[in-house]
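Student: I have a structure here, written as C-alpha coordinates, and I will follow up with some questions on it.
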Amino acid sequence: MSLSNPWFMAAVIGVLGVFHLEIISTFLNLAQFRHALPQRLREIFPDETVQKAGEYAGRSSHLDVLRSAVSLAALLCFWWGGGFNWLQHWSAGWGWSAVYTGVGVIGVLLLAQNLLSLPFDAWDTFKIEAEYGFNRTTVGTFIGDRVKGLLLTALLGGPLLGLILWFFQTQIHAVLYTWLTVAGFSIVMAWLSPRLLMPLFLKFKPLDDGPLREGLLALAARLEFPVVDISVVDGSRRSSKANAFLSGFGKNKRIALFDTLIEKHTQAELEAILAHEIGHHKCRHVPQQLTLGLLESGLMFYLLHVALQSPEFFRAFGVSGQPLGLGLVLFSIIYQPASLLLGLLGSALSRRHEFQADAYARAACGSPSLMDGLKKLSVDHLTHPNPHPLTVWLHYSHPPIGQRLAALEA
(Lines give C-alpha, C1' and ligand atoms only; values in the text may rest on other atoms or scores of the structure.)
Protein backbone atom coordinates (compact mmCIF):
# COMPACT_ATOMS: atom_id res chain seq x y z
CA MET A 1 0.00 0.00 0.00
CA SER A 2 1.35 3.41 -0.96
CA LEU A 3 0.11 6.97 -1.17
CA SER A 4 1.44 7.05 -4.73
CA ASN A 5 -0.95 4.24 -5.72
CA PRO A 6 -4.01 5.91 -7.31
CA TRP A 7 -6.22 2.92 -6.47
CA PHE A 8 -5.26 3.19 -2.79
CA MET A 9 -5.98 6.91 -2.68
CA ALA A 10 -9.28 6.46 -4.52
CA ALA A 11 -10.33 3.73 -2.08
CA VAL A 12 -9.40 5.70 1.05
CA ILE A 13 -10.98 8.93 -0.14
CA GLY A 14 -14.08 7.09 -1.33
CA VAL A 15 -14.64 5.05 1.82
CA LEU A 16 -13.99 7.95 4.21
CA GLY A 17 -15.85 10.41 1.98
CA VAL A 18 -19.01 8.32 1.82
CA PHE A 19 -18.92 7.76 5.59
CA HIS A 20 -18.59 11.47 6.39
CA LEU A 21 -21.22 12.44 3.82
CA GLU A 22 -23.66 10.04 5.51
CA ILE A 23 -22.81 11.53 8.93
CA ILE A 24 -23.45 15.06 7.69
CA SER A 25 -26.72 14.00 6.06
CA THR A 26 -27.88 12.26 9.23
CA PHE A 27 -27.32 15.22 11.54
CA LEU A 28 -28.78 17.74 9.10
CA ASN A 29 -31.84 15.54 8.84
CA LEU A 30 -32.25 15.30 12.61
CA ALA A 31 -31.81 19.07 12.93
CA GLN A 32 -34.88 19.53 10.71
CA PHE A 33 -37.09 18.52 13.63
CA ARG A 34 -36.22 21.83 15.29
CA HIS A 35 -37.78 23.78 12.42
CA ALA A 36 -41.46 24.72 12.29
CA LEU A 37 -43.54 22.66 9.89
CA PRO A 38 -45.50 24.19 7.01
CA GLN A 39 -49.18 24.67 7.75
CA ARG A 40 -50.20 21.70 5.60
CA LEU A 41 -48.02 19.37 7.65
CA ARG A 42 -48.99 20.86 11.02
CA GLU A 43 -52.54 19.74 10.29
CA ILE A 44 -51.32 16.15 9.81
CA PHE A 45 -48.57 15.90 12.43
CA PRO A 46 -49.59 17.19 15.85
CA ASP A 47 -46.81 18.28 18.18
CA GLU A 48 -46.75 15.00 20.12
CA THR A 49 -46.43 13.01 16.87
CA VAL A 50 -43.57 15.22 15.65
CA GLN A 51 -41.80 14.77 18.97
CA LYS A 52 -42.26 11.00 18.85
CA ALA A 53 -41.11 10.86 15.21
CA GLY A 54 -38.04 12.91 16.11
CA GLU A 55 -37.16 10.59 18.98
CA TYR A 56 -37.66 7.53 16.73
CA ALA A 57 -35.53 9.04 13.96
CA GLY A 58 -32.86 9.99 16.47
CA ARG A 59 -32.65 6.53 18.00
CA SER A 60 -32.58 4.84 14.57
CA SER A 61 -30.04 7.29 13.14
CA HIS A 62 -27.68 7.00 16.08
CA LEU A 63 -27.74 3.22 15.75
CA ASP A 64 -27.04 3.51 12.02
CA VAL A 65 -24.10 5.84 12.69
CA LEU A 66 -22.70 3.43 15.26
CA ARG A 67 -23.17 0.51 12.86
CA SER A 68 -21.38 2.40 10.08
CA ALA A 69 -18.54 3.45 12.40
CA VAL A 70 -17.97 -0.10 13.63
CA SER A 71 -18.10 -1.44 10.07
CA LEU A 72 -15.65 1.22 8.86
CA ALA A 73 -13.28 0.59 11.77
CA ALA A 74 -13.35 -3.16 11.14
CA LEU A 75 -12.65 -2.64 7.43
CA LEU A 76 -9.74 -0.25 8.00
CA CYS A 77 -8.17 -2.44 10.71
CA PHE A 78 -8.45 -5.54 8.54
CA TRP A 79 -7.22 -3.70 5.44
CA TRP A 80 -4.31 -1.76 6.96
CA GLY A 81 -3.38 -4.67 9.21
CA GLY A 82 -2.71 -6.91 6.22
CA GLY A 83 -5.91 -8.91 6.57
CA PHE A 84 -6.64 -9.19 2.86
CA ASN A 85 -3.16 -10.51 2.13
CA TRP A 86 -3.48 -12.99 4.99
CA LEU A 87 -6.85 -14.12 3.60
CA GLN A 88 -5.29 -14.58 0.16
CA HIS A 89 -2.52 -16.82 1.50
CA TRP A 90 -4.89 -18.75 3.76
CA SER A 91 -7.39 -19.46 0.96
CA ALA A 92 -4.57 -20.45 -1.41
CA GLY A 93 -3.83 -23.30 0.96
CA TRP A 94 -7.28 -24.80 0.49
CA GLY A 95 -6.12 -26.47 -2.70
CA TRP A 96 -9.26 -25.48 -4.64
CA SER A 97 -9.55 -24.08 -8.15
CA ALA A 98 -9.56 -20.31 -8.60
CA VAL A 99 -13.34 -20.23 -9.07
CA TYR A 100 -14.16 -22.33 -6.00
CA THR A 101 -11.60 -20.46 -3.92
CA GLY A 102 -13.13 -17.15 -5.02
CA VAL A 103 -16.64 -18.26 -4.05
CA GLY A 104 -15.33 -19.52 -0.72
CA VAL A 105 -13.50 -16.30 0.09
CA ILE A 106 -16.54 -14.17 -0.72
CA GLY A 107 -18.72 -16.51 1.36
CA VAL A 108 -16.39 -16.17 4.37
CA LEU A 109 -16.41 -12.37 4.16
CA LEU A 110 -20.20 -12.21 3.70
CA LEU A 111 -20.68 -14.42 6.74
CA ALA A 112 -18.33 -12.21 8.77
CA GLN A 113 -20.22 -9.13 7.63
CA ASN A 114 -23.54 -10.68 8.66
CA LEU A 115 -22.18 -11.62 12.08
CA LEU A 116 -20.86 -8.10 12.58
CA SER A 117 -24.25 -6.62 11.66
CA LEU A 118 -26.30 -9.09 13.73
CA PRO A 119 -26.14 -7.27 17.11
CA PHE A 120 -27.23 -4.01 15.47
CA ASP A 121 -30.10 -5.71 13.65
CA ALA A 122 -31.25 -7.33 16.88
CA TRP A 123 -31.06 -4.06 18.82
CA ASP A 124 -32.99 -2.25 16.08
CA THR A 125 -35.70 -4.93 15.99
CA PHE A 126 -36.15 -5.81 19.65
CA LYS A 127 -35.28 -2.48 21.25
CA ILE A 128 -36.00 0.50 19.00
CA GLU A 129 -38.78 -0.92 16.81
CA ALA A 130 -40.39 -2.55 19.85
CA GLU A 131 -40.17 0.60 21.96
CA TYR A 132 -42.13 2.56 19.35
CA GLY A 133 -44.74 -0.14 18.85
CA PHE A 134 -43.61 -1.46 15.47
CA ASN A 135 -41.94 -4.79 16.20
CA ARG A 136 -43.92 -8.02 16.34
CA THR A 137 -41.06 -10.33 15.38
CA THR A 138 -40.25 -13.14 17.77
CA VAL A 139 -36.70 -14.29 18.43
CA GLY A 140 -37.44 -17.52 16.55
CA THR A 141 -38.69 -15.64 13.49
CA PHE A 142 -35.71 -13.26 13.63
CA ILE A 143 -33.22 -16.13 13.68
CA GLY A 144 -35.17 -18.17 11.12
CA ASP A 145 -35.25 -15.27 8.65
CA ARG A 146 -31.50 -14.86 8.80
CA VAL A 147 -30.80 -18.57 8.44
CA LYS A 148 -33.13 -18.74 5.44
CA GLY A 149 -31.48 -15.66 3.95
CA LEU A 150 -28.02 -17.17 4.25
CA LEU A 151 -29.17 -20.47 2.77
CA LEU A 152 -30.84 -18.74 -0.18
CA THR A 153 -27.72 -16.64 -0.72
CA ALA A 154 -25.64 -19.81 -0.84
CA LEU A 155 -28.05 -21.77 -3.05
CA LEU A 156 -28.82 -19.00 -5.54
CA GLY A 157 -25.93 -16.58 -5.21
CA GLY A 158 -23.18 -19.20 -5.00
CA PRO A 159 -23.68 -20.72 -8.48
CA LEU A 160 -24.23 -17.27 -10.02
CA LEU A 161 -21.06 -15.97 -8.41
CA GLY A 162 -19.13 -19.03 -9.57
CA LEU A 163 -20.30 -18.45 -13.15
CA ILE A 164 -19.26 -14.78 -12.99
CA LEU A 165 -15.81 -15.74 -11.73
CA TRP A 166 -15.47 -18.39 -14.45
CA PHE A 167 -16.34 -15.81 -17.12
CA PHE A 168 -13.67 -13.40 -15.88
CA GLN A 169 -11.12 -16.20 -15.63
CA THR A 170 -11.67 -17.77 -19.04
CA GLN A 171 -13.57 -15.51 -21.43
CA ILE A 172 -12.31 -12.57 -23.46
CA HIS A 173 -15.77 -10.99 -23.51
CA ALA A 174 -16.38 -11.64 -19.81
CA VAL A 175 -18.03 -8.23 -19.29
CA LEU A 176 -20.70 -8.94 -21.92
CA TYR A 177 -21.36 -12.51 -20.79
CA THR A 178 -21.56 -11.50 -17.14
CA TRP A 179 -23.87 -8.60 -17.90
CA LEU A 180 -26.24 -10.79 -19.92
CA THR A 181 -26.21 -13.51 -17.24
CA VAL A 182 -26.99 -11.10 -14.41
CA ALA A 183 -29.70 -9.41 -16.49
CA GLY A 184 -31.36 -12.75 -17.20
CA PHE A 185 -31.02 -13.82 -13.57
CA SER A 186 -32.64 -10.57 -12.37
CA ILE A 187 -35.62 -11.00 -14.70
CA VAL A 188 -36.13 -14.63 -13.69
CA MET A 189 -35.90 -13.75 -9.99
CA ALA A 190 -38.43 -10.94 -10.41
CA TRP A 191 -40.86 -13.58 -11.68
CA LEU A 192 -39.91 -16.32 -9.19
CA SER A 193 -39.56 -14.24 -6.03
CA PRO A 194 -43.25 -13.69 -5.20
CA ARG A 195 -44.05 -17.31 -6.06
CA LEU A 196 -41.21 -19.26 -4.46
CA LEU A 197 -39.02 -17.03 -2.30
CA MET A 198 -41.32 -14.60 -0.53
CA PRO A 199 -43.60 -17.42 0.74
CA LEU A 200 -40.57 -18.72 2.66
CA PHE A 201 -40.77 -15.58 4.80
CA LEU A 202 -44.40 -14.46 4.52
CA LYS A 203 -47.71 -16.29 4.40
CA PHE A 204 -50.07 -15.47 1.55
CA LYS A 205 -53.77 -16.27 1.60
CA PRO A 206 -56.55 -15.23 -0.80
CA LEU A 207 -58.50 -12.15 0.19
CA ASP A 208 -61.94 -13.23 1.42
CA ASP A 209 -64.96 -12.59 -0.77
CA GLY A 210 -66.69 -9.36 0.12
CA PRO A 211 -66.96 -5.67 -0.74
CA LEU A 212 -63.19 -5.06 -0.56
CA ARG A 213 -62.29 -7.86 -2.96
CA GLU A 214 -65.10 -6.89 -5.32
CA GLY A 215 -64.08 -3.22 -5.20
CA LEU A 216 -60.42 -3.92 -5.91
CA LEU A 217 -61.22 -6.28 -8.79
CA ALA A 218 -63.68 -3.77 -10.21
CA LEU A 219 -61.05 -1.04 -10.05
CA ALA A 220 -58.49 -3.26 -11.77
CA ALA A 221 -61.02 -4.12 -14.49
CA ARG A 222 -61.95 -0.46 -14.97
CA LEU A 223 -58.28 0.45 -15.35
CA GLU A 224 -57.76 -2.49 -17.74
CA PHE A 225 -55.23 -4.11 -15.44
CA PRO A 226 -55.59 -7.92 -15.55
CA VAL A 227 -55.33 -9.53 -12.11
CA VAL A 228 -55.39 -13.26 -11.39
CA ASP A 229 -55.22 -13.10 -7.60
CA ILE A 230 -55.54 -10.81 -4.57
CA SER A 231 -53.65 -12.00 -1.51
CA VAL A 232 -53.38 -10.94 2.11
CA VAL A 233 -49.85 -11.05 3.56
CA ASP A 234 -49.27 -11.71 7.25
CA GLY A 235 -46.99 -8.70 7.66
CA SER A 236 -48.33 -8.23 11.20
CA ARG A 237 -46.28 -11.25 12.28
CA ARG A 238 -43.16 -9.09 11.94
CA SER A 239 -44.17 -5.44 12.11
CA SER A 240 -47.14 -3.13 12.53
CA LYS A 241 -45.99 -1.17 9.47
CA ALA A 242 -48.17 -1.53 6.37
CA ASN A 243 -47.33 -2.20 2.75
CA ALA A 244 -48.72 -3.40 -0.58
CA PHE A 245 -47.18 -4.53 -3.84
CA LEU A 246 -47.95 -5.93 -7.27
CA SER A 247 -46.07 -8.77 -8.90
CA GLY A 248 -46.13 -10.78 -12.10
CA PHE A 249 -45.91 -10.13 -15.82
CA GLY A 250 -48.42 -9.88 -18.62
CA LYS A 251 -51.81 -11.28 -17.67
CA ASN A 252 -50.51 -13.03 -14.54
CA LYS A 253 -50.35 -10.03 -12.22
CA ARG A 254 -51.04 -10.47 -8.52
CA ILE A 255 -52.03 -7.98 -5.83
CA ALA A 256 -50.64 -8.43 -2.32
CA LEU A 257 -51.93 -6.38 0.63
CA PHE A 258 -50.40 -6.55 4.09
CA ASP A 259 -52.98 -7.35 6.74
CA THR A 260 -51.82 -4.26 8.64
CA LEU A 261 -52.75 -2.13 5.63
CA ILE A 262 -56.26 -3.59 5.50
CA GLU A 263 -56.73 -3.08 9.25
CA LYS A 264 -55.91 0.64 9.20
CA HIS A 265 -57.37 1.90 5.93
CA THR A 266 -60.81 2.35 4.44
CA GLN A 267 -61.82 0.63 1.23
CA ALA A 268 -61.62 3.93 -0.67
CA GLU A 269 -58.06 4.47 0.57
CA LEU A 270 -57.07 0.92 -0.34
CA GLU A 271 -58.47 1.39 -3.84
CA ALA A 272 -56.48 4.62 -4.22
CA ILE A 273 -53.31 2.86 -3.01
CA LEU A 274 -53.93 0.06 -5.51
CA ALA A 275 -54.51 2.64 -8.27
CA HIS A 276 -51.13 4.15 -7.38
CA GLU A 277 -49.44 0.76 -7.77
CA ILE A 278 -51.27 0.16 -11.05
CA GLY A 279 -50.05 3.60 -12.14
CA HIS A 280 -46.46 2.39 -11.91
CA HIS A 281 -47.25 -0.38 -14.39
CA LYS A 282 -49.35 1.80 -16.68
CA CYS A 283 -46.62 4.44 -16.83
CA ARG A 284 -44.01 1.78 -17.67
CA HIS A 285 -41.94 2.53 -14.60
CA VAL A 286 -40.84 -1.07 -14.06
CA PRO A 287 -39.03 -1.42 -17.44
CA GLN A 288 -37.53 2.06 -17.00
CA GLN A 289 -36.05 1.13 -13.62
CA LEU A 290 -34.94 -2.22 -14.99
CA THR A 291 -33.20 -0.53 -17.93
CA LEU A 292 -31.42 1.90 -15.63
CA GLY A 293 -30.32 -0.99 -13.41
CA LEU A 294 -28.98 -2.91 -16.40
CA LEU A 295 -27.04 0.11 -17.63
CA GLU A 296 -25.52 0.57 -14.19
CA SER A 297 -24.58 -3.10 -13.94
CA GLY A 298 -22.97 -2.95 -17.37
CA LEU A 299 -20.83 -0.01 -16.27
CA MET A 300 -19.99 -1.78 -13.00
CA PHE A 301 -18.80 -4.94 -14.76
CA TYR A 302 -16.68 -2.90 -17.16
CA LEU A 303 -15.00 -1.08 -14.26
CA LEU A 304 -14.55 -4.43 -12.50
CA HIS A 305 -12.79 -5.77 -15.59
CA VAL A 306 -10.44 -2.74 -15.61
CA ALA A 307 -9.66 -3.19 -11.91
CA LEU A 308 -8.98 -6.93 -12.16
CA GLN A 309 -6.43 -6.34 -14.93
CA SER A 310 -4.37 -3.96 -12.77
CA PRO A 311 -1.74 -5.32 -10.35
CA GLU A 312 -1.73 -1.85 -8.75
CA PHE A 313 -5.37 -2.35 -7.79
CA PHE A 314 -4.53 -5.44 -5.73
CA ARG A 315 -1.42 -3.83 -4.22
CA ALA A 316 -3.61 -0.98 -2.98
CA PHE A 317 -5.11 -3.48 -0.54
CA GLY A 318 -1.82 -5.15 0.31
CA VAL A 319 -2.56 -8.25 -1.76
CA SER A 320 0.14 -10.06 -3.72
CA GLY A 321 -0.94 -11.58 -7.00
CA GLN A 322 -4.34 -11.09 -8.61
CA PRO A 323 -6.81 -13.46 -6.86
CA LEU A 324 -10.10 -13.31 -8.73
CA GLY A 325 -12.63 -13.81 -5.94
CA LEU A 326 -10.90 -11.46 -3.53
CA GLY A 327 -10.71 -8.96 -6.39
CA LEU A 328 -14.52 -8.78 -6.48
CA VAL A 329 -14.59 -7.99 -2.76
CA LEU A 330 -11.92 -5.32 -3.09
CA PHE A 331 -13.75 -3.80 -6.04
CA SER A 332 -16.95 -3.52 -3.98
CA ILE A 333 -15.01 -1.32 -1.55
CA ILE A 334 -13.62 1.03 -4.18
CA TYR A 335 -16.94 1.11 -6.06
CA GLN A 336 -18.84 2.70 -3.13
CA PRO A 337 -18.61 6.33 -4.34
CA ALA A 338 -19.62 5.38 -7.89
CA SER A 339 -22.51 3.35 -6.54
CA LEU A 340 -23.66 6.31 -4.47
CA LEU A 341 -23.48 8.69 -7.44
CA LEU A 342 -25.35 6.30 -9.71
CA GLY A 343 -27.89 5.74 -6.95
CA LEU A 344 -28.69 9.45 -7.00
CA LEU A 345 -29.95 9.09 -10.56
CA GLY A 346 -32.02 6.02 -9.68
CA SER A 347 -33.54 7.71 -6.62
CA ALA A 348 -34.36 10.87 -8.58
CA LEU A 349 -36.06 8.79 -11.26
CA SER A 350 -37.96 6.84 -8.60
CA ARG A 351 -39.24 10.04 -6.96
CA ARG A 352 -40.40 11.27 -10.35
CA HIS A 353 -42.20 7.97 -10.88
CA GLU A 354 -43.97 8.32 -7.54
CA PHE A 355 -45.37 11.70 -8.57
CA GLN A 356 -46.59 10.19 -11.84
CA ALA A 357 -48.21 7.22 -10.07
CA ASP A 358 -49.89 9.61 -7.63
CA ALA A 359 -51.25 11.60 -10.57
CA TYR A 360 -52.56 8.40 -12.15
CA ALA A 361 -54.29 7.39 -8.91
CA ARG A 362 -55.75 10.88 -8.54
CA ALA A 363 -57.27 10.61 -12.02
CA ALA A 364 -58.60 7.13 -11.26
CA CYS A 365 -59.96 7.65 -7.73
CA GLY A 366 -59.76 11.35 -6.93
CA SER A 367 -57.35 13.15 -4.62
CA PRO A 368 -59.01 12.83 -1.18
CA SER A 369 -58.76 9.05 -0.80
CA LEU A 370 -55.11 8.85 -1.82
CA MET A 371 -54.20 11.86 0.31
CA ASP A 372 -55.94 10.36 3.33
CA GLY A 373 -54.13 7.09 2.79
CA LEU A 374 -50.73 8.81 2.49
CA LYS A 375 -51.36 10.83 5.63
CA LYS A 376 -52.23 7.71 7.62
CA LEU A 377 -49.18 5.84 6.37
CA SER A 378 -46.88 8.75 7.26
CA VAL A 379 -48.26 9.18 10.78
CA ASP A 380 -48.49 5.45 11.50
CA HIS A 381 -44.88 4.88 10.35
CA LEU A 382 -43.58 7.97 12.20
CA THR A 383 -42.18 9.24 8.91
CA HIS A 384 -39.97 12.33 9.03
CA PRO A 385 -42.48 15.06 8.16
CA ASN A 386 -39.92 17.47 6.69
CA PRO A 387 -36.61 15.73 5.84
CA HIS A 388 -33.51 17.67 4.86
CA PRO A 389 -33.00 18.04 1.08
CA LEU A 390 -29.58 16.35 1.25
CA THR A 391 -31.09 13.25 2.86
CA VAL A 392 -33.88 13.22 0.28
CA TRP A 393 -31.33 13.60 -2.49
CA LEU A 394 -29.17 10.76 -1.18
CA HIS A 395 -31.69 8.18 -0.02
CA TYR A 396 -35.35 8.89 -0.68
CA SER A 397 -36.95 6.75 -3.37
CA HIS A 398 -40.29 8.43 -2.55
CA PRO A 399 -40.83 12.20 -2.30
CA PRO A 400 -41.46 13.57 1.20
CA ILE A 401 -45.11 13.57 2.24
CA GLY A 402 -45.41 17.36 1.98
CA GLN A 403 -44.33 17.39 -1.65
CA ARG A 404 -46.67 14.54 -2.56
CA LEU A 405 -49.66 16.24 -0.96
CA ALA A 406 -48.82 19.55 -2.64
CA ALA A 407 -48.63 17.84 -6.02
CA LEU A 408 -51.97 16.08 -5.45
CA GLU A 409 -53.61 19.38 -4.50
CA ALA A 410 -52.17 21.27 -7.46
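Student: Please work out, to two decimal places, the log10 of the ratio I(q)/I(0) at q = 0.29 Å⁻¹ from a Debye calculation in which every Cα of region 230-288 carries one identical scatterer.
Tutor: -1.20
Student: For region 284-381, list log₁₀ I(q)/I(0) at each q in 0.19, 0.20, 0.21, 0.22 Å⁻¹, using the Debye formula over Cα point scatterers of equal strength and ignoring solvent, two decimals each.
Tutor: -0.94, -0.99, -1.04, -1.09
Student: Between region 72-131 and region 386-410, what is the C-alpha centre distance in whole Å?
Tutor: If we compute the Cα centre of each part, the gap is 36 Å.
Student: Next up: Can you give the accessible area per residue of region 204-249, in Å², using a 1.4 Å probe?
Tutor: On the way: 2240 Å² over 46 residues.
It amounts to 49 Å² per residue over region 204-249.
Student: Compute and list, largest first, the equivalent-ellipsoid semi-axes of region 130-260 from the alpha carbon gyration tensor, each √(5λ) rounded to a whole angstrom. Walk me through the intermediate numbers first.
Tutor: Working: eigenvalues 235, 112, 21 Å².
Equivalent ellipsoid of region 130-260: 34, 24, 10 Å, largest first.
Student: Using the alpha-carbon atoms, what tilt in degrees (0 to 90, nearest 10) does helix 139-152 show relative to the longest principal axis of the chain?
Tutor: In the chain, helix 139-152 runs at an angle near 50 degrees to the longest axis.
Student: Determine the percent antiparallel among the DSSP beta bridges restricted to the chain, to the nearest 5. Spell out each step's value before the answer.
Tutor: Numbers: 8 of 14 bridges.
Taking every DSSP beta bridge within the chain, about 55 percent pair in antiparallel fashion.
Student: Another question about this same structure. Where the centre of each part is set by its Cα atoms, how far does region 138-156 sit from region 5-37, in angstrom?
Tutor: Comparing the Cα centres of region 138-156 and region 5-37, I get a distance of 31 Å.
Student: Taking the convex hull of the alpha carbon atoms in region 1-128, what volume per residue do you get, in Å³?
Tutor: Residue-normalised Cα hull volume stands at 161 Å³.
Student: More than 19 angstrom separation, counting every C-alpha pair in region 224-345; what % is that? It would help to have the intermediate numbers written out before the result.
Tutor: Working: 4774 of 7381 pairs.
That tail contains 65 percent of the Cα-Cα pairs.
Student: Where the accessible area of the chain is counted over protein heavy atoms with a 1.4 Å probe, how much of it, in %, is carbon and sulfur?
Tutor: Numbers: 13200 of 20360 Å².
The computed percentage sits at 65.
Student: Specify the angular offset, from 0 to 90 degrees and rounded to the nearest 10, of the alpha carbon long axis of helix 211-222 from the longest principal axis of the alpha carbons in the chain.
Tutor: Around 70 degrees separate the two axes.
Student: Suppose all protein chains stay in the model; what accessible area per residue would a 1.4 Å probe give for region 15-108, in Å²?
Tutor: Numbers: 5150 Å² over 94 residues.
Result: 55 Å² of accessible area for each residue.
Student: Of the DSSP beta bridges with both residues in region 178-332, give the percent that are antiparallel, rounding to the nearest 5. Intermediate values should be presented prior to the final figure.
Tutor: Values: 7 of 13 bridges.
Bridges in region 178-332 that DSSP calls antiparallel: roughly 55 percent.
Student: Related question: Expressed as an acute angle from 0 to 90° and rounded to the nearest 10, what is the orientation of the C-alpha long axis of helix 324-334 relative to the principal long axis of the chain?
Tutor: Computed tilt is about 60 degrees.
Student: How much accessible area does Cys365 have with a 1.4 Å probe, in Å² rounded to the nearest 10?
Tutor: Using a 1.4 Å probe on the heavy atoms, I get roughly 40 Å².
Student: Follow-up question, since we're still on this one. Would you mind giving the three semi-axes, in whole Å and largest first, of the ellipsoid equivalent to region 200-271 according to its Cα gyration tensor? Show your work: numbers first, answer last.
Tutor: Working: eigenvalues 80, 46, 19 Å².
Semi-axis lengths for region 200-271 are 20, 15, 10 Å.
Student: While we're on this one: With every protein chain left in place and a probe of 1.4 Å, what is the accessible surface of His173, to the nearest 10 Å²?
Tutor: Probe radius 1.4 Å; accessible area of His173 about 110 Å².
Student: Something else now. Above 16 angstrom, tally the Cα pairs of region 283-335 and express them as a % of all pairs, no decimals. Each step should come with its number before you reach the end.
Tutor: Values: 639 of 1378 pairs.
Tail of P(r) above 16 Å: 46 percent of Cα pairs.
Student: While we're on this one: Could you give the spread of the C-alpha atoms of region 91-154 along their three principal axes, from largest to smallest, in whole angstroms?
Tutor: 51, 18, 12
Student: What is the Å³ per residue value for the convex hull set by the Cα atoms of the chain? Don't skip to the answer; put the middle values down first.
Tutor: Details: hull volume 60.5 nm³, N = 410.
Value for the chain: 147 Å³ per residue.
Student: Which of Lys127/Lys148; Lys205/Lys375; Lys203/Lys241 have a Cα-Cα distance over 19 Å?
Tutor: Values: Lys127/Lys148 23 Å; Lys205/Lys375 28 Å; Lys203/Lys241 16 Å.
Pairs exceeding the cut-off: Lys127/Lys148; Lys205/Lys375.
The values are calculated or read from the model by the stated rules, or taken from the named source; none is laboratory data. Bear in mind that the values here come from a model prediction, so they are computed numbers and not experimental data. Only protein heavy atoms, including side chains, enter the accessible area calculation; ligands, DNA and RNA are left aside. Shrake-Rupley method; radii C 1.70, N 1.55, O 1.52, S 1.80 Å.
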